[in-house]
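The next block holds one structure in the form of structure tokens; read it before the comments.
Values in this text are rule-based calculations from the coordinates and carry no lab data. All values derive from a computational prediction rather than experimental measurement. Glycine gets a Cβ as well: all are built from the backbone with ideal geometry, and neighbour counts include every protein chain shown.
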Amino acid sequence: MHSLYQAEYMFYKDKLALLQDTQEMFLASVGELHQNYISKGLREPIEHCKARIKCARSAKEKLKRKGLPITLDAALCQIYDVLGIRVVCTFINDVYLMRNWVADLPGISIVKEKDYIKSPKPNGYRSYHMIVEVTMQNETVFAEIQIRTLAMDCWASLEHQLKYKQEVRYQEMVVDELKRCADELASTDMNLQAIRELIKLDIGKPDNFFGSKG
Amino acid sequence: MKENKIKGAMQRIASFNLTYFSSIVSKPAICMGIKMRLLLAEDERELSNALVAILKHNHYSVDTVYDGEDALDYGLTENYDGIILDIMMPKKDGLEVLSQLRKHSITVPVLMLTAKSEVDDRIMGLDAGADDYLTKPFSTGELLARIRAMTRRKDEFTPNTLQCGNICLSRDNFELSGAESSFRLANKEFQMMEMLMNNVNRLVSTEQFMERIWGYDTETEINVVWVYISYLRKKLASLDANFEIRVVRGVGYRLEECICIENCSTNL
């Protein structure tokens with residue numbers, strides 16, 4: 001391991017290995033799922049999947065912000081996103097498909113779920129969030145899993161840039177425009193899902209849709 | 001007669017400048033990307049063509065007919081924001097078309113055009129339900145101003161937010177919203193939702209959607225209506241709407257209250 005990398009994660013001490021194992025376990029499950037779809041010749045619901053362990057600096061910042069003690073124990077037990085996993089899907093229904101897949105994984109129990117697709121944040125943010133408890137080698141780790149579509153992911157990465165920029169010109173206008181874009185993307189996501197279902201319907205029952213009237 | 005025609009044409013050309021000017025200072029014919037739809041009933045082809053060019057240049061969407069019978073048929077479809085009606089027309093004159101339209105409770109604003117500047121014609125026209133009149137020859141600047149005035153009156157009655165059950169549709173920003181979420185609709189989706197919400201519990205035929213939104217002479221496949229309906233249904237379902245779009249097979253669609261009350265909140 002790179003020395004700088006190691007220095008950044010020293011904070012986690014012997015728990016780092018546990019976090020890394022959990023992360024790898026999850027990514028391996030996604031890889032297995034991927035192989036499964038490929039071998040059956042089916043369309044894959046996952047576009048990509050990323051995982052990260054929060055660097056010590058931002059973990060400490062978060063603890064401080066929440067008024068929690070800056071200790072390893074608090075980082076592992078009182079904030080839930082030290083291990084973060086993001087699953088990016090093609091269509092909206094895939095998001096819920098993946099949610100069910102995660103819920104059924106062995107060794108995982110759901111602590112909390114929040115559907116920001118059904119109830120977006122005021123700024124327009126949309127994603128499906130799950131906080132799960134993973135049991136590995138008789139130890140447990142919390143992880144936050146974010147599941148969303150490509151469009152939502154694209155929007156979130158732009159919004160993220162705005163959040164960390166100190167001074168943005170026309171701040172108010174940019175915030176309004178981002179909200180508008182979020183609602184437009186959500187509309188398009190729905191339309192893509194509808195079209196996808198039409199295509200499936202058309203393949204399933206020839207002449208039922210494009211062939212006949214009304 | 002011939003002199004009159006030339007005079008009229010000259011005036012039309014001269015007033016082109018006025019056209020540009022008036023389109024700058026006045027309210028445009030386009031509102032949130034939706035063009036106003038006009039029906040032009042004028043039997044004199046040359047004048048009709050000139051008017052169409054001017055109206056289109058000013059962002060109106062125009063259908064043209066050349067006799068009274070067609071004017072009545074088109075007018076009865078209720079697909080217009082305004083009708084420009086010539087009085088002297090073959091088959092049926094403008095006055096007759098107008099009174100027939102009003103008899104069918106069609107309240108669309110009507111501007112009468114007349115070659116004669118006779119007072120009787122104007123009185124009869126206004127009494128038959130015309131909103132305004134213009135005597136030929138006229139300047140296009142004045143015609144456009146009168147169209148704007150006539151369609152403006154209608155605007156006053158239109159609220160900016162349509163509501164149906166727990167769902168709102170904003171005419172200002174095309175937002176379809178429920179209690180927890182909102183979608184920004186695209187132009188045609190918005191128009192379709194607007195038509196449905198303006199006609200709650202009433203049937204809107206597939207043809208009406210086609211004519212009003214895609215236009216008469218569209219080459220678009222009629223199944224497109226079905227596709228747009230499924231876009232809207234998905235969004236309504238996602239917003240937990242207590243209204244839904246029902247199909248009447250082979251005829252059209254209707255916005256109705258959901259039968260299932262499981263997901264619907266009635267506390268408004």
Which whole-Hz couplings ³J(HN,Hα) result when phi for each residue of region B:49-63 is put into the Karplus expression 6.51 cos²θ - 1.76 cosθ + 1.60, θ = phi - 60°, listed in order with x for Gly and Pro? 4, 4, 5, 4, 4, 5, 5, 5, 4, 8, 6, 8, 9, 10, 10
Computed from the beta carbon distance with a Förster radius of 30 Å, FRET efficiency for B:N187 and B:A53 to the nearest 0.05 stands at 0.80
Taking placed amide H atoms and a strict 5 Å upper bound, the residues 5 or more places from A:V111 or on another chain that come that close are A:I131, A:V132, A:E133
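Could you compute the FRET efficiency for B:A179 and B:R45, with r as their C-beta to C-beta distance and R0 at 56 Å, rounded to 0.05?
Step by step, r from the Cβ atoms, then E = 0.50.
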For the residues A:F26, B:F183, A:F142, what sequence is obtained by ranking on other C-beta atoms within 10 Å, fewest first? A:F142, A:F26, B:F183
Fewest-first ranking of A:L83, A:L63, using other Cβ atoms within 10 Å as the exposure measure: A:L63, A:L83
Give, rounded to the nearest 20 debye, the magnitude of the charge dipole that region A:27-148 has about its Cα centre when Lys and Arg contribute +1 at Cβ and Asp and Glu contribute -1 at Cβ. 660 debye
Using unit Cβ charges (K, R positive; D, E negative) and no other charged atoms, how large, in debye to the nearest 20, is the dipole of chain A about its Cα centre? 460 debye
Label-point separation in nm, A:L97 to A:D176, each point 7 Å along Cα→Cβ: 3.9 nm
Can you say what percent of the DSSP beta bridges in region A:3-151, counting only those with both residues inside, are antiparallel? Round to 5. 75 percent
What are the residues whose amide H is under 5 Å from the amide H of B:C258, where those residues sit 5 or more places off or on another chain and H is modelled from the backbone? B:F243, B:E244
Taking the dipole of chain A about the Cα centre (Lys, Arg +1; Asp, Glu -1; charges at Cβ), the one of A:N123, A:V95, A:G107 that reaches farthest to the positive side is A:N123
With R₀ set to 41 angstrom, the calculated FRET efficiency between the beta-carbons of B:T135 and B:R171, to the nearest 0.05, is 0.70
Using a simple spin-label model with points 7 Å from Cα along the Cα→Cβ vector, what separation in nm is obtained for A:E47 and B:L126? 6.3 nm
Gain in span if fully extended, B:S61 to B:T161, counting 0.36 nm per residue against the direct Cα distance: 33.6 nm
Please give, to one decimal in nm, the separation of the simple spin-label points placed at A:I70 and B:S105, each 7 Å out from Cα toward the Cβ. 7.4 nm
Could you give the size of the charge dipole of region B:161-257 about its Cα centre, using +1 on the Cβ of each K and R and -1 on the Cβ of each D and E, expressed in debye and rounded to the nearest 20? 160 debye
